[in-house]
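Novice: Sharing a structure, written as structure tokens. Questions coming.
Please treat every number below as a calculation from the coordinates, not as lab data. Keep in mind the model is a prediction, meaning the values are calculated, not measured. Virtual Cβ from ideal backbone geometry, glycine too; neighbours counted across all protein chains shown.
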Amino acid sequence: MSDSIKRGRTVQSIANAVQGTVHGDADVVVFALNRIEYARNGDLSFLSAASYTKFLGVTKASCVLVSKALEVAVPDGLTVVFVEDAYRAFVALMREFYPPLRIESGLRHATASVHPSATIHPSAAISAGCSIGEGCVVGEDVQLYPNVVLYPGCTVGAGTVIHANVSCLHGTVIGTNCLIHAGAVLGADGFGYIENADGSFDKVPQVGVVQIGNDVEIGANVTIDRAAVGATSICDRVKIDNLVHIAHNVTVGNDTAIAAQAGVSGSTRIGNRNRIAGQVGIVGHITTADDVIVEAQSGVSKTITSKGAYFGSPAKEHRTALRMEAALRQLPQLLTDVREMQQRIADLLANSEPNDESLTQP
Amino acid sequence: MSDSIKRGRTVQSIANAVQGTVHGDADVVVFALNRIEYARNGDLSFLSAASYTKFLGVTKASCVLVSKALEVAVPDGLTVVFVEDAYRAFVALMREFYPPLRIESGLRHATASVHPSATIHPSAAISAGCSIGEGCVVGEDVQLYPNVVLYPGCTVGAGTVIHANVSCLHGTVIGTNCLIHAGAVLGADGFGYIENADGSFDKVPQVGVVQIGNDVEIGANVTIDRAAVGATSICDRVKIDNLVHIAHNVTVGNDTAIAAQAGVSGSTRIGNRNRIAGQVGIVGHITTADDVIVEAQSGVSKTITSKGAYFGSPAKEHRTALRMEAALRQLPQLLTDVREMQQRIADLLANSEPNDESLTQP
Amino acid sequence: MSDSIKRGRTVQSIANAVQGTVHGDADVVVFALNRIEYARNGDLSFLSAASYTKFLGVTKASCVLVSKALEVAVPDGLTVVFVEDAYRAFVALMREFYPPLRIESGLRHATASVHPSATIHPSAAISAGCSIGEGCVVGEDVQLYPNVVLYPGCTVGAGTVIHANVSCLHGTVIGTNCLIHAGAVLGADGFGYIENADGSFDKVPQVGVVQIGNDVEIGANVTIDRAAVGATSICDRVKIDNLVHIAHNVTVGNDTAIAAQAGVSGSTRIGNRNRIAGQVGIVGHITTADDVIVEAQSGVSKTITSKGAYFGSPAKEHRTALRMEAALRQLPQLLTDVREMQQRIADLLANSEPNDESLTQP
């Protein structure tokens, strides 16, 4: 509670922060942020979509940020702040109202194990139970939460945060300002074998690494395998959701987002700005163009050379997939129709054609 | 072995425990429980399904619990105990024969790291390598296995067991008598971004929490994301299998079960007593009614308003999906039939209609 | 760099090692291995597929291993080594050039917690933050990376390597020379409940174990559940990729490979030498024959009794599935064709049949 009071801000100061115009009481104080439909007294909320305008008359929020373009009528007694983009303004305020959790700068917890050859920036925080291997380099303001394991030869760039129980295997390189969520595994061996004549396997050593660019976010319990030779590369500003699998030697292009439980097989190159939805599977050794969208549960089995939306398993262009899906829904009726037509044709033939048998057996 | 002997019990004492009637030698001693087809001398087994009656004559079990309703003929020399529901009786005995593993009550392992402001019940057990953050509350008889990480502000209710390498991020609330399996991650950031005009993303701070009800079981390596604002809620008695993904702001209703590798996207509300099978995907911002069954690998793309079974991707009512599946199997034949019909119609037309060309070119 | 120089070897010594014949300068020294298309000066590469022959003229590699059968023309100035199987020879050299990471033999890290009753071979390495429970047996040359948790009663066979943050629950048995990647969970409770009349669940105690054979590889963040009663068995030489789920009481036969994000439900028996592709789901209580191939994203819903390839959800024989897929692509056109035929038949009927109505209403 003392925390909330500390965070209290006047509507006027908020309007100043988001370049907005106050309509109502600029001295009202707000303490927390909340969705318009759940907001309570003391909350600041936002309205940026016309379909939510209905909540404006009933919200318990003390103040609502409203996108100018909506041209809403403000109910009596409600304080609003008109802004260019209410959602973006709300998100900017979220960062102020709820600054991210931080470990004390420079922490070296007594139960952490740091190899003497590792180079750790004085401002980096190493929590309880972390293991930092030989030759690791940990940059400025890096935050390692409990039980993070960096195998020998890892590099973690400035400003990167790694959450609890993450494992980075040897030689993993992580750029600056990345966010790696709990339980992720970077750099486990790729799934590579030579099949013997008797059906058993010989392991192909996986001697490459994982390279993560800058401003990358990687979800909880994600697995990104090291390359067989060379590098598995996650380029700049990529966002990967929980439980995604990225196989050896894959490249994921800049600004691509991959939703939960999707998987990309070995040596595939995903273009820039792709949007890969949940539970999608992408086979190995193919390429996707820039600006490709793959919809949920699809299976991409071939290289995609043009931007656009793809859907289905195997994935087709969105329009083709929709036509097939629509046709499929008509299929049971089609079967009935065709059986009927067969009967009619049989009748027609019986009527229109002479009976051959009677002719040949006079 | 000494362990097994210690567990030895007479058939009579077992019959008393399960309100059963002995047929055969009540003084026989059993030491372990096993399935009827694998049971050995000294084992107690059970028979509750007619299809397994064939094993009654060949089982090596020393005693078999049999559901009365089966009305089986007991082979000579076999001791059985007739009970109302042999499977439930067997399960009750499993709990007695194999009491769950427990850590020593009140353990505070030397390598655990507990913030001085945390409130830990004297009976709670904190194993090696655990990290308990600022302001955490850990209730009576809680059992934390090695390397569990509780970020600041977590609450763990009485009787809850959390297995190794689980990460609970800040503010996670877990109810009483829950069972959280190894490697689960509760409270990682939801996957929320604003897309910029150039295709890059700005992160939307995820400032909500995860709330787990009472008597909930959560599988190994499951991920349940914290809400953007507010709470992601797993209600009472929910059972979640391994590698399931629950996105931010989802609510899962009471007594729902979700099988392995299923995923639920953001802000969706799953009803009470749903049965979500393995590898199912459910899109965001929808609702399912109570008592909905979604079959394996289905993709639920729309709100489901009536109870019942759904199947397919996109998911349809079970009956509709079965008809489509059956129709699909007939499709190759249908293509052949239609091509034949086209030929017959062409023939009919040739026979029944005057030949236009011959008329116009005398 | 000193490392690379240390690894430098003459082409002649490499030819000797792989039983090859040098064509060109046998005194050339190579320092690293790389793919033919990415190789640089000082690299050794290989050519085993005709489709890559085009790179032979442009590669910057200092030497290329070439499969004899390709009968390539060697460009001027390039040194090659002709061998029986260039890929196998290259893989053998990978093991020499990049010996696997090893923890110091006999390490007992100060922050590891080992129960006094555990039996640890003197050569086994126990890293920081590991927990070894009561009665565990850890064999010769076993390597446990940081934060591995062995619950009471686990056995780890000689030569097995377990990576960071792996959890092995009580009674887990792992054979010799296995490789368990980071974050895997072996022996969590199976997903077993009795459903009550009100839709709530009673947990069925899961009192069995997990047994892993010899030479098994298990991917990052895999989950393999303990049996309800008896054992979940992963047989010898099985290879399991990341994020796979194996449910209670499953058996996976010798030499079977299971790709990422696939799942196998309870009590199913997978045969020997199966190849299960990514994101496949297999229902419970079924069996697959030996030498079965299941293609990506398929759903196996019934026992498979013959070897061969299967595809689709539900999975069908590959040939059947391909025919259905091909038919499906023709479906939208088929609908159009049928509607046309219906019109033609209507026309035919109008022409060929007397108009009943006109007859009855003279």
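Novice: Step through the table entries A:Lys307/B:Lys203; B:Lys239/B:Lys307; A:Lys203/C:Lys302; A:Lys302/C:Lys68, compare each Cα-Cα distance with 21 Å, and write down the pairs that go over it.
Specialist: Details: A:Lys307/B:Lys203 24 Å; B:Lys239/B:Lys307 19 Å; A:Lys203/C:Lys302 32 Å; A:Lys302/C:Lys68 32 Å.
Checking Cα-Cα distances, A:Lys307/B:Lys203; A:Lys203/C:Lys302; A:Lys302/C:Lys68 exceed 21 Å.
Novice: At A:Glu96, with labels set 7 Å past Cα in the Cβ direction, how many nm apart are the copies from this one, shortest first?
Specialist: Nearest first, the other copies' label points are 6.6, 6.6 nm away.
Novice: Continuing with the same structure: Work from the charge dipole of the protein assembly as shown (Cβ charges, +1 for Lys and Arg, -1 for Asp and Glu, about the Cα centre) and give the residue of A:Ala125, A:Ala49, B:Gly8 farthest towards its positive end.
Specialist: A:Ala125
Novice: Kindly provide the chymotrypsin sites (Phe, Trp or Tyr not before Pro) of the range A:135-217 that DSSP labels as loop, not H, G, I, E or B, and whose Cβ sees at most 15 other Cβ atoms within 10 Å.
Specialist: Answer in residue order: no site qualifies.
Novice: Could you name the aspartates and glutamates in cross-link range of A:Lys316, using Cα to Cα under 13 Å and dropping any fewer than eight places away on the same chain?
Specialist: Straight-line reach from A:Lys316, under 13 Å: A:Glu295, A:Glu325, C:Glu325.
Novice: Further question: If r is the Cβ-Cβ distance from A:Lys307 to C:Glu84 and R0 is 45 Å, what FRET efficiency results, to the nearest 0.05? Please report the intermediate quantities before stating the final value.
Specialist: Working: r = 45 Å, r/R0 = 1.00.
Using R0 = 45 Å, I get an efficiency of 0.50.
Novice: Give the aspartates and glutamates whose C-alpha is closer than 16 Å to that of C:Lys60, dropping any in the same chain fewer than 8 places away, or say none.
Specialist: Result set, ordered by chain and number: C:Asp25, C:Glu37, C:Asp43, C:Asp76.
Novice: How far, in nm to one decimal, is A:Ser117 from itself in the other copies if the label point is set 7 angstrom along Cα toward Cβ? Shortest first, please.
Specialist: List, nearest first: 4.0, 4.0 nm.
Novice: May I ask for the Kirkwood hydrodynamic radius of the protein assembly as shown, worked out over all distinct Cα pairs and given in angstroms to one decimal?
Specialist: On the way: mean 1/r = 0.0311 Å⁻¹.
It works out to 32.1 Å.
Novice: Also: Could you pull out the trypsin sites (Lys or Arg not before Pro) across the range A:271-305 that fall in loop regions by DSSP (anything but H, G, I, E, B) with no more than 15 other Cβ atoms inside 10 Å?
Specialist: Working: sites: A:Arg273, A:Arg275, A:Lys302; in loops: A:Arg273, A:Lys302.
Sparse-neighbourhood loop trypsin sites (Lys or Arg not before Pro): A:Lys302.
Novice: Between C:Thr53 and B:Ala158, what's the calculated FRET efficiency when r is the beta-carbon distance and R0 is 60 Å? Round to 0.05. Intermediate values should be presented prior to the final figure.
Specialist: Details: r = 69 Å, r/R0 = 1.16.
It comes out at approximately 0.30.
Novice: Can you compute the modelled spin-label distance between A:Glu104 and B:Arg329, with each label point 7 Å from Cα toward Cβ, in nm?
Specialist: 6.8
Novice: Right, another one. I need to check one value: relative contact order of chain C, counting alpha carbon pairs closer than 8 Å and at least 6 residues apart, in percent. Numbers along the way, then the final one.
Specialist: Numbers: 965 pairs, mean separation 21.3, N = 362.
For chain C, the relative contact order is 6 percent.
Novice: Placing unit charges on C-beta atoms (Lys and Arg positive, Asp and Glu negative, everything else neutral), compute the dipole magnitude of the range C:2-97 about its Cα centre in debye, rounded to 20.
Specialist: Details: 10 positive and 10 negative charges, 54 e Å.
That gives the range C:2-97 a dipole magnitude of about 260 debye.
Novice: What FRET efficiency do you get for A:Asn196 and B:Asp27 if R0 is 56 Å and r is their Cβ-Cβ distance, rounded to the nearest 0.05?
Specialist: On the way: r = 56 Å, r/R0 = 1.00.
That gives a FRET efficiency of 0.50.
Novice: Taking every pair of alpha-carbon atoms in chain C, what share in percent sits in each 20 Å bin, from 0 to the bin with the longest distance?
Specialist: Each 20 Å bin holds this share of Cα pairs: 23, 37, 27, 8, 4, 0.
Novice: Grab the DSSP H runs of the protein assembly as shown that are 4 residues or longer, score each as -39,500 (n - 2.57), total them, divide by all residues and round the 222 nm result to the nearest 500 deg cm²/dmol.
Specialist: Details: 15 runs with 195 residues, N = 1086.
It comes out at -5500 deg cm²/dmol, rounded to the nearest 500.
Novice: Also, I was wondering about something else. I'd like the orientation of helix A:86-97 relative to chain A: the angle between its Cα long axis and the longest Cα principal axis, in ° from 0 to 90, rounded to 10.
Specialist: In chain A, helix A:86-97 runs at an angle near 40 degrees to the longest axis.
Novice: Taking a point 7 Å out from Cα toward Cβ as the label site, list the nm distances between A:Thr10 and the same residue in every other copy, smallest first.
Specialist: 8.6, 8.6
Novice: How big is the gap, in Å, between the Cα center of the range C:194-236 and the Cα center of the range A:219-254?
Specialist: 29
Novice: Which semi-axes, in whole Å and largest first, does the equivalent ellipsoid of the range C:230-353 have when worked out from the alpha carbon gyration tensor as the square roots of 5 times its eigenvalues?
Specialist: Working: eigenvalues 389, 32, 28 Å².
Value: 44, 13, 12 Å, ordered largest first.
Novice: In addition: How big is D, in µm² s⁻¹, for the range B:2-97 by Stokes-Einstein at 25 °C and 0.890 mPa s if Rh is the Kirkwood radius over C-alpha pairs? Show your work: numbers first, answer last.
Specialist: Working: Rh = 12.8 Å.
Here the translational diffusion coefficient equals 191 µm²/s.
Novice: Right, next: So what's the convex hull volume per residue for the Cα atoms of the range C:51-191, in Å³? Mind dumping the intermediate values first?
Specialist: Numbers: hull volume 23.3 nm³, N = 141.
Dividing the Cα hull volume of the range C:51-191 by its residue count gives 166 Å³.
Novice: Can I ask one more? Between the range C:156-185 and the range C:102-140, what's the alpha-carbon centroid distance in Å?
Specialist: If we compute the Cα centre of each part, the gap is 13 Å.
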